[in-house]
Amino acid sequence: MEKKTIKQQFHLEYDTSEELFPLQEWYNELLDKEVGELTVFDVLRMLRQNVLPEVALLSAVKWVLEDIYVGDAYDGQLLEALTRVEDRLLKPYVKVLQELLQEAEVLIEDHDWSYEGEQEEFGEVMKQLSQKLTKLQDNT
C-alpha cells in the first residue's frame, strides 16, 4: 500500500504566498510528511495553530503514554499542550489519560528534574489536565 503525505491524505494545498514566513514554510514542509514522520515539534505546533488537531492529538497521546515527560523545549511540554486542547477533541482520551496521570503521581518523585521548581511546575500541569479530564468525564 502506498504511503501518502499529509497533503495527499487530507487533500490540502501548499501556501503559495509570494513571501513565506517561518510558520508558512513549516506548514508547507508539514504537508510533505507522512503522519508517521511527525515530530514532537510538529505536533506541538499543529496543536497550537489548530492544524489537523485530531491527527496531532493521536501522536501526542501516543507519545505521552510512552513518556509523560516528552517535549521539544522542556520536560512535559506535550502534556502541557494537552491542557489547551479543545474539550471535544480530548474527550475520547479521558480514561487513558486519567490512568496515566495516576501512575505518574508515583513516578514524579524519581524523575531527574532540570532545575529547582520544575517538579512543582510539572505537578501543576498534571493538576490542570486532571481537572479538565474530570470535568469532561462528568459531562458525559
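All of the numbers you see were taken from the coordinates with simple rules; none came from a lab. Since the structure is predicted, the reported quantities are computational estimates derived from the model, not experimental observations. Reconstructed Cβ throughout: ideal geometry from the backbone, glycine too, with neighbour counts over all protein chains shown.
Straight-distance candidates among the lysines for linking to Lys4, with alpha-carbon spacing under 22 Å and chain neighbours fewer than 8 residues away dropped: Lys33, Lys62. By the combined test of axial Cα extent (at least 15 Å) and Kyte-Doolittle hydropathy (mean at least 0.5), the qualifying DSSP H helices of the chain come to 53-66, 94-107.
Would you mind estimating how fast region 74-131 diffuses translationally, via Stokes-Einstein at 37 °C and 0.692 mPa s with the Kirkwood radius over Cα pairs, in µm²/s? Rounded, D is 273 µm²/s.
Counting only chymotrypsin sites (Phe, Trp or Tyr not before Pro) that are in a DSSP loop and have at most 15 other C-beta atoms within 10 Å, tell me the longest site-free stretch of the chain. For chymotrypsin sites (Phe, Trp or Tyr not before Pro) (loop position, at most 15 other Cβ atoms within 10 Å), the longest site-free span of the chain is 15-73.
Our summary of shape: the Cα atoms of the chain have principal axis extents of 49, 38, 29 Å, ordered from largest down, in whole angstrom.
Listing Thr5, Thr16 from fewest to most neighbouring C-beta atoms within 10 Å gives Thr16, Thr5.
Across the chain, Cα pairs under 8 Å and at least six residues apart give a relative contact order of 17 percent.
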